[in-house]
1. Which residue pairs have Cβ atoms under 6 Å apart, sit 6 or more places apart or on different chains, and have a first residue in the stretch 69-82 that is over 17 Å from ILE53 (Cβ atoms) and a second that is basic (Lys, Arg)?
2. So which pairs qualify, if the first residue must be in the stretch 140-158 and touching a residue at least 12 places away in the same chain (Cβ under 8 Å), the second must be open to solvent by 60 Å² or more (accessible area, probe 1.4 Å) and of a type in the set (Val, Ile, Thr), the Cβ gap must be under 7 Å, and the two must be at least 6 apart or on different chains?
3. Looking only at residues that are charged (D, E, K, R) and open to solvent by less than 40 Å² (accessible area, probe 1.4 Å) in the stretch 168-197, which one is nearest to ILE21 (Cα to Cα)?
4. Pairs only if they're at least six apart or on different chains, beta carbon under 6 angstrom, first in the stretch 161-185 and small (Gly, Ala, Ser), second at pLDDT 95 or above; list them, first residue then second.
5. Residue check: is GLY154 open to solvent by 10 Å² or more (accessible area, probe 1.4 Å), on the phi > 0 side of the Ramachandran plot and not aromatic (Phe, Trp, Tyr)?
6. Going by what's in this entry, would VAL119 be described as surrounded by 15 or more Cβ atoms within 10 Å (Cβ to Cβ) and within 21 Å of SER47 (Cα to Cα)?
7. For the stretch 1-101, which helices (runs of 4 or more DSSP H) that fit wholly inside it have 2 or more residues that are closer than 15 Å to PHE149 by Cα and of a type in the set (S, T, N, Q)?
Amino acid sequence: MPRSSNSHSLSPFQTALKEAIETFEALPEFEAPLAKAAQTLLHCLTSGHKLLICGNGGSASDSAHIATEFTCRFNDDRRPYPAIALNVDGGLLTAIGNDYAFQEVFSRQVAAFGQPGDVLITISSSGKSRNVLSALEEARRRKMKTISFLGKGGGFTAGAADIEFIIPGTVTARIQEAQKFLLHVMCEMVDAELPKE
C-alpha cells in the first residue's frame, strides 16, 4: 500500500505504525498456506531431510536467523535439525560470483547440497532477485519442495514456488517485518511438533 497523502501530518513513528498495522491486518489470508508450509517443513525435517534458505541483503540476515532457529533451537531445548543459510559463506559466494555469475550464487549451492525431499525457503522483499529465482528453478529440477516469502506483488518470482506468501504494500521495511512475523510463526508451528530427541 502506498504511503497515504495525509502522512505528512503524522510523525515518522505514527506513519510507520500506521503502515505496520495496515500490513499486518492483511496477514490473516496467509493462515492456511502457512499451516501447509509448516507441515511441509515438519515432514522434511522428521524424514531425514534438510532445509536450505536464502535471500539478499536484509533477507540474507533473515535467512541466517531462521536457519539458526532450527539448527540451534527456537523455544524449548531439543535436538538440532539441519538448516543451512546459503548466504553466509563469503568465500563461496565470491568464488561463484567471480567464476560464474552472481545469479548463480544460490542455485549452485542448491545443486551441491539439495536432494529430493529437502525444502528451499527463499526470501525477497521485491521478488526481483535473479539469484533467488535461479535457486527456486534449481530446487524444482532436484524435486525439492519450495516456499517463497515475497513482497511488492511478487515480481518475476511470483508463481515459482510451491507455496508463496506475497506481502501487500510497497514499503520494504513493513514487508520485511511481516515476513519475519510469518517466518517466526512458521517456526513456532514446526517447533511444537518436532521430536525433542
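1. Partner pairs satisfying both residue conditions: ARG78/LYS196.
2. These pairs meet every condition: LYS152/THR170.
3. So the residue we want is ARG174.
4. So the pair list comes out as ALA161/LEU136; ALA161/THR146; ALA161/ILE147; ALA161/SER148; GLY169/THR23; GLY169/ILE175; ALA178/THR23; ALA178/ILE167.
5. Details: open to solvent by 10 Å² or more (accessible area, probe 1.4 Å): no; on the phi > 0 side of the Ramachandran plot: yes; not aromatic (Phe, Trp, Tyr): yes.
No, not satisfied.
6. Details: surrounded by 15 or more Cβ atoms within 10 Å (Cβ to Cβ): yes; within 21 Å of SER47 (Cα to Cα): yes.
So VAL119 fits the description; yes.
7. Details: elements: 12-25, 31-46, 58-71, 90-99.
Once the helices (runs of 4 or more DSSP H) in the stretch 1-101 are filtered for at least 2 residues that are closer than 15 Å to PHE149 by Cα and of a type in the set (S, T, N, Q), what remains is 58-71.
Rundown of residues vs (1) modelled with pLDDT under 95; (2) more than 18 Å from LEU45 (Cβ to Cβ); (3) small (Gly, Ala, Ser), yes/no style:
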{"position": "GLY159", "(1), (2), (3)": "no, yes, yes"}
{"position": "THR170", "(1), (2), (3)": "yes, yes, no"}
{"position": "GLU177", "(1), (2), (3)": "no, yes, no"}
{"position": "PHE181", "(1), (2), (3)": "no, yes, no"}
{"position": "HIS184", "(1), (2), (3)": "no, no, no"}
{"position": "CYS187", "(1), (2), (3)": "no, no, no"}
{"position": "GLU197", "(1), (2), (3)": "yes, no, no"}
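The values are calculated or read from the model by the stated rules, or taken from the named source; none is laboratory data. All values derive from a computational prediction rather than experimental measurement. Ideal geometry is used to build each Cβ from the backbone, glycine not excepted, and the neighbour counts take in all protein chains shown. With ligands, DNA and RNA removed, areas are computed over all heavy atoms of the protein, side chains included. Shrake-Rupley method; radii C 1.70, N 1.55, O 1.52, S 1.80 Å.
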